[in-house]
Amino acid sequence: MDTLWQDLRYAARALRRSPVFTLAAVATLGLGIGANTAVFSMVNGLLLRALPYPEPDRLVVGFARRGSERILLLGYPDVLAWRAENHTFEDIGVERSQSVNLTGVDAPDRLIGTFITANTLSILGARAERGRLFTPEETAPGTGQAVAVISHGTWVGRFGGDPAIIGRSITLNGRPHAVIGVTAAGFHEPQSAIEVWLPITSAPAPNWAERGGFGMWTIGRLKPGVTLAQAQQDLSAISARLAAAYPSTNGGMDANLIPLRELMVGQLRPVLLTVFGFVAVVMLIACANVANLQMARATARRRELSLRAALGAGRTRLVRQLITENLLLSAIGGGLGVLLAGWTIRLLAASVPGGIPQFADIGLDGGVLAYTAAATLGAGLLFGAAPALYAGRIGLRTAIDERSRGGGGGGRGREGVVVAQLALCTVLLVGAGLLTRSLLALRRVDPGFDASHVLTAEYRLPITKYRTPEEIDRFHASALAAIRRVPGVTDAALVEAVPLSGNFGRVTYELDGVATPDPKPAALDNVISDRFFRTMRMPIVAGRDFDANDRAGAPPVAIVSRSFARAAWPGQDPLGRRVKLLGPPDRWVTVVGLVEDLKQRGLDDPPSAEIYEATAQQPDIFSSVVARTSGDPDAFANALRGAIWSVDRDQPVWKVRSLASLVDHDIAPRRFALALAGLFAGLAVLLAIVGVYGVMSYLLLQRTREMGIRLALGARRSAIVGLVLGRGAVVIAIALGAGMAAAFAAARLLRSQLYGVGAADPLTFIAVPLLLAAVALLATWLPARRAARVDPMIALRTE
């Protein structure tokens with residue numbers, strides 16, 4: 001122990017004697033360790049830490065799938081069949097999220113709600129902080145009891161923590177509900193920030209329980225020892241029986257089980273792993289930089305180390321002392337890294353598209369600090385091992401020989417480190433370049449509409465107040481007329497699913513006069529008012545828009561997208577053709593218009609076949625508004641709400657946002673990945689170029705006498721510069737060759753993050769090495785130019 005303290009005191013004194021070196025090394029390590037700690041905290045919180053549910057590894061979420069579409073909602077009768085006939089689940093809960101109108105308060109509001117069976121909450125391990133949760137009888141088919149459970153946040157935020165909340169009546173969707181429970185403060189639904197839970201049988205629409213009324217998903221707990229594949233096979237067999245029994249609604253449908261964690265963080269996983277890979281490489285480059293500094297410092301200390309060896313210090317003693325210095329230096333850098341990480345974590349968390357999931361605890365907890373300690377120790381050993389072993393070989397005779405030659409030794413080792421740094425930089429820059437090209441390609445995608453100056457909003461009518469299609473249609477017509485009268489609104493329309501909003505519906509169909517095999521083809525189904533295409537600036541290619549004649553009682557009509565027409569009637573005119581849309585209820589529509597495709601679900605999705613129905617002929621309690629404005633659309637938010645409230649003061653309006661913001665949100669994950677990748681790639685390049693400059697400066701310092709002799713013998717200064725650049729070019733060429741080979745392999749890992757550009761994009765793989773070579777040669781030229789200007793007489797006198 002005494003020897004350890006002695007080594008630590010000596011290491012501290014040695015670092016104090018070299019303040020410039022110590023500050024440079026600590027700053028470099030702090031940046032590398034801080035970046036790694038910050039990103040690892042997110043990886044740990046989102047991907048590694050156990051979910052806050054009982055035995056989360058046994059929890060899976062069930063959807064349907066058909067063909068390439070992996071996530072489709074289920075019908076309630078199908079879910080009941082899964083529950084009754086499966087052999088692999090302990091229990092299966094049912095859920096359907098839907099916004100809930102809250103009225104009878106100061107201003108109408110919207111709660112994020114979900115309709116469930118009682119066992120859904122028990123599967124997730126929910127408990128009541130006040131009151132109780134649902135009983136099976138309260139959510140059983142046919143009951144439809146008007147009871148509600150609210151979240152702790154809703155109780156505190158919307159009801160002021162009222163201690164008498166249990167038994168209190170609140171009006172939801174126009175119907176009084178008794179609050180029977182408040183969930184514990186730490187409980188969160190897996191998929192969204194639910195504010196109120198209602199029985200699945202308290203449906204705001206009567207067709208929820210009908211076959212073909214797809215809108216549910218399941219949360220199930222596997223039996224002990226059952227694998228996901230076994231459960232998938234089990235439910236697929238049940239789904240196949242349902243498809244055979246009900247081909248018109250279930251044809252081609254299969255079960256699709258997704259682990260709960262995958263569903264919760266699946267979109268963030270590739271982004272986080274990509275960024276984590278980037279910061280790991282940054283760490284390696286930082287270690288390489290410090291290793292070069294240490295090797296240069298060890299060479300400068302050769303006289304000190306030689307004297308200590310001559311006075312009896314063995315090689316092991318010298319190596320141990322130097323490793324102690326390295327570990328102390330790394331520990332200081334790690335401390336700085338923790339401080340930087342605390343700030344960086346907050347910045348990253350605020351930048352995550354959609355925000356950090358509620359379950360994730362992102363911060364400097366024990367696990368993250370343990371990782372930081374391990375990274376700090378690893379860094380100290382990584383950057384310190386080679387310099388320590390090199391210094392350990394220095395003896396008195398070695399020092400005298402090197403002094404007589406005017407060389408410092410270790411030049412090839414330092415050049416090797418530079419090769420590694422530049423090669424790693426090449427990999428990072430190629431990755432950042434591919435992500436940049438992908439984002440630019442996505443920004444160039446034509447969504448099929450003009451998103452500028454368009455404001456959107458959503459609302460849902462309470463079925464207890466608007467009971468008939470006629471009442472629903474009158475509200476829609478009156479609200480739309482009021483919105484169109486708002487000063488500055490140049491056009492407006494209703495649409496059930498705003499493009500890129502996350503809302504979309506599907507319908508299976510048959511064609512009149514064309515044999516349609518099972519499974520039936522499917523298309524996106526949207527319900528719109530007249531002037532929707534004009535508001536969105538979507539050209540009508542053929543036929544007409546909806547008009548006032550397309551009302552209830554008139555012959556049902558539809559407008560189809562180009563992709564729908566191409567799939568249904570290739571090479572033929574779609575106008576006048578009839579399509580049977582399979583319900584509930586089934587209905588025939590006649591095509592009266594043809595429009596261009598739009599991107600409904602995502603900019604990176606291929607155009608989907610889509611059919612549009614008229615709002616007046618298919619009135620629904622849910623609708624959205626699109627309003628084109630003469631100025632900033634966000635400035636019209638209050639006026640739009642006011643227009644709807646002029647028709648019904650108790651009608652909540654939510655998600656009032658610009659259409660352009662939906663476009664931005666769609667590309668946000670890629671923009672987030674690019675921002676971080678670009679940041680860390682830039683940091684890596686900066687560290688690498690500093691390393692190149694430092695190594696070349698040091699090597700030229702060791703060759704000062706040689707340069708003086710060459711100049712004294714008549715060598716031109718340009719020749720000296722060329723000599724140095726030549727050596728630097730060889731190092732750079734080797735580094736770029738190795739880096740390009742590694743980048744070709746690493747780029748394949750980014751394929752899932754790319755759009756419109758291949759993993760072997762020629763432009764990226766040409767531009768990156770040229771750019772990096774130019775910057776590296778500049779870092780080589782600067783010390784070469786300085787060396788060529790040295791006075792030969794001064795150089796010859798240099799020892």
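In region 435-479, the qualifying residues are those that are charged (D, E, K, R) and in contact with a helix residue (DSSP H, G or I) (Cβ under 9 Å, 6 or more places away or on another chain), and the one that is nearest to A747 (Cα to Cα) is R437.
As a summary of the residue check, Y76 satisfies the conditions (1) in contact with a Pro (Cβ under 9 Å, 6 or more places away or on another chain); (2) buried (at least 20 other Cβ atoms within 10 Å of the Cβ); (3) under 20 Å from R175 (Cα atoms) except for the one numbered (3).
Going by the conditions given, is A140 surrounded by 14 or more Cβ atoms within 10 Å (Cβ to Cβ) and modelled with pLDDT under 95? Before you say what the answer is, go through the steps one by one.
Numbers: surrounded by 14 or more Cβ atoms within 10 Å (Cβ to Cβ): yes; modelled with pLDDT under 95: yes.
Here the answer is yes, as A140 does meet what is asked.
When the residues of region 447-486 are filtered to those that are assigned to a loop (DSSP other than H, G, I, E, B) and free of Cβ contacts under 8 Å to residues at least 24 places away in the same chain, which remaining residue is nearest to A616 (Cα to Cα)? Applying the filter and picking the extreme gives T468.
Among the conditions (1) aliphatic (A, V, I, L, M); (2) under 13 Å from V196 (Cα atoms); (3) open to solvent by 10 Å² or more (accessible area, probe 1.4 Å), the only one that I116 does not satisfy is (3). R127 meets the conditions (1) farther than 30 Å from G642 by Cβ; (2) surrounded by 17 or more Cβ atoms within 10 Å (Cβ to Cβ); (3) basic (K, R) in every case but one. The failed one is (2).
The rows are residues; the columns are (1) modelled with pLDDT under 95; (2) acidic (D, E); (3) in contact with a helix residue (DSSP H, G or I) (Cβ under 8 Å, 6 or more places away or on another chain).
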{"site": "P556", "(1), (2), (3)": "no, no, no"}
{"site": "S563", "(1), (2), (3)": "no, no, no"}
{"site": "A567", "(1), (2), (3)": "yes, no, no"}
{"site": "G576", "(1), (2), (3)": "no, no, no"}
{"site": "P584", "(1), (2), (3)": "yes, no, yes"}
{"site": "W588", "(1), (2), (3)": "no, no, no"}
{"site": "V592", "(1), (2), (3)": "no, no, no"}
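A743: open to solvent by less than 40 Å² (accessible area, probe 1.4 Å), under 29 Å from the mean Cα position of the chain (by Cα) and not charged (D, E, K, R), yes or no? Taking the combined requirement at face value, the residue satisfies it. Has region 37-60 got at least one residue that is of a type outside the set (V, I, T), open to solvent by less than 40 Å² (accessible area, probe 1.4 Å), at pLDDT below 90 and more than 31 Å from the chain's Cα centre (by Cα)? No, every residue in region 37-60 fails to be of a type outside the set (V, I, T), open to solvent by less than 40 Å² (accessible area, probe 1.4 Å), at pLDDT below 90 and more than 31 Å from the chain's Cα centre (by Cα). Beta carbons closer than 8 Å, at least 6 apart along the sequence or on distinct chains, never pair a first residue in region 610-634 that is at positive phi and assigned to a loop (DSSP other than H, G, I, E, B) with a second that is modelled with pLDDT of 95 or more and crowded, with 22+ Cβ neighbours inside 10 Å.
When residues in region 496-512 are screened for being within 35 Å of the chain's Cα centre (by Cα), hydrophobic (A, V, I, L, M, F, W, C) and open to solvent by less than 30 Å² (accessible area, probe 1.4 Å), 4 of them pass. If you check A493, A558 for being surrounded by 22 or more Cβ atoms within 10 Å (Cβ to Cβ), over 33 Å from the mean Cα position of the chain (by Cα) and touching a residue at least 24 places away in the same chain (Cβ under 8 Å), only one passes: A558.
Select, from V663, V690, V685, the only residue that is open to solvent by 40 Å² or more (accessible area, probe 1.4 Å), among the β-branched types (V, I, T), within 30 Å of M42 (Cα to Cα) and in a helix (DSSP H, G or I).
V690
A count restricted to region 16-34 and to residues that are open to solvent by 10 Å² or more (accessible area, probe 1.4 Å) and either modelled with pLDDT of 80 or more or assigned to a helix (DSSP H, G or I) (or both) stands at 12.
So, in region 515-532, of the ones that are in a loop (DSSP other than H, G, I, E, B) and either of a type in the set (A, V, I, L, M) or under 27 Å from I621 (Cα atoms) (or both), which residue ends up most open to solvent (accessible area, probe 1.4 Å)?
A515
The values are calculated or read from the model by the stated rules, or taken from the named source; none is laboratory data. Everything numeric here is computed off the predicted structure, so don't read it as measured data. Cβ sites come from the backbone with ideal geometry, for glycine too, and all protein chains shown count toward neighbours. Heads up: the accessible areas ignore ligands, DNA and RNA and are worked out on the full protein's heavy atoms, side chains in. Shrake-Rupley method; radii C 1.70, N 1.55, O 1.52, S 1.80 Å.
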